[in-house]
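See structure below.
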Amino acid sequence: MKEISVSTTDPDAGLFYKDERERMFCYSYNTACDRNGFVLANVVSSGNIHDSVNFDKVFLKVKERFNGIKALSADAGYLTPHICRDIIVSGVRPVLPYKRPMTKKGFFRKHEYVYDEYYDVYICPNDKLLKYSTTDRNGYKIYKSNPEDCMKCPYLSKCTQSKDHQKIVTRHVWAAYQEESDHLRHTPENREIYALRSQTIERVFADLKEKHGMRYTNYRGKGRVTDEAMMVLACMNLKKMANWKWNRAA
């Protein structure tokens, strides 16, 4: 069981928070644009829904309307095995950034446990094996160490706080797609494409907030907020098209 905070004035809005000081009921915009800054698709959701959950809806809209997508760039919030698989299977090049591991300070990071694909085991920093145990309902394969090895290990305090003296490492069944995305991250092509984000999608959100008053909304209900977002984004595309024609005519 878990507690969910609900707004009494707008139940469709979700509670969004970055830290203890910044909490608010709001909506989230998941938006896609091309390399010229024209908005291609948009999905509005409650503020408590993670960006990665809405990726499929946005990506599907873009694929249905436009052909020949060569690469897709997104921020670290979209770096999941599921999203990496969807992008690669669609024949699109993933351009995703590095995501800092959420490991406690003073403990080994996950990349320090080496995965052996042939034997399907993990090797810990003390050269002991973590063998496959089971796969959970979310698609994560679970690897467990031998407690007898861990009890004698000099690195136990940096490895796990388990009362059973057992280290557990998880690996998604689609982790290979995420590893391929991470491999492409180091290529010159990916670095060049990712650098365009500040001029494209980041500029779209900056203009939405600063020039079109979308830092806040005066409407209640997901339907009305969606209508407002689509109207403003359409206006932004029209303004950009008008500027393009003006510059060409000059």
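Where a number appears in this text, it was derived from the coordinates with a stated rule and is not lab data. All of these numbers come straight from a predicted model, not from anything done at the bench. Reconstructed Cβ throughout: ideal geometry from the backbone, glycine too, with neighbour counts over all protein chains shown.
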(request) Pull up region 171-182, narrow it to residues that are part of a helix (DSSP H, G or I) and of a type outside the set (Ser, Thr, Tyr), then point me to the one that is surrounded by the fewest Cβ atoms within 10 Å (Cβ to Cβ). (result) GLU179
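Among the residues of region 167-182, is there at least one that is among the charged types (D, E, K, R), under 30 Å from ASN36 (Cα atoms) and touching a residue at least 60 places away in the same chain (Cβ under 8 Å)?
Within region 167-182 (the criterion being among the charged types (D, E, K, R), under 30 Å from ASN36 (Cα atoms) and touching a residue at least 60 places away in the same chain (Cβ under 8 Å)), the answer is yes, since at least one residue qualifies.
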(message) Can you find a residue that is in contact with a Cys (Cβ under 8 Å, 6 or more places away or on another chain) and part of a loop (DSSP other than H, G, I, E, B) anywhere in region 32-46?
(response) no
(message) I'm told TYR113 meets every condition in (1) within 20 Å of ASN30 (Cα to Cα); (2) out of contact with any helix residue (DSSP H, G or I) (no Cβ under 7 Å at 6 or more places or on another chain); (3) not acidic (Asp, Glu) except one. Can you identify the failing condition by its number?
(response) (1)
(message) Looking at ASN237, ASN190, ASN218, ASN247, can you tell me which residue is over 30 Å from ARG93 (Cα atoms) and not in a loop (DSSP other than H, G, I, E, B)?
(response) ASN247
(request) Search region 203-227 for residues being free of Cβ contacts under 8 Å to residues at least 12 places away in the same chain and surrounded by 13 or more Cβ atoms within 10 Å (Cβ to Cβ), and hand back the single one that is nearest to CYS26 (Cα to Cα). (result) TYR219
(message) Quick check on my filter: what residues within region 183-201 are free of Cβ contacts under 8 Å to residues at least 12 places away in the same chain and either surrounded by 14 or more Cβ atoms within 10 Å (Cβ to Cβ) or of a type in the set (Ser, Thr, Tyr) (or both)?
(response) THR187, SER198
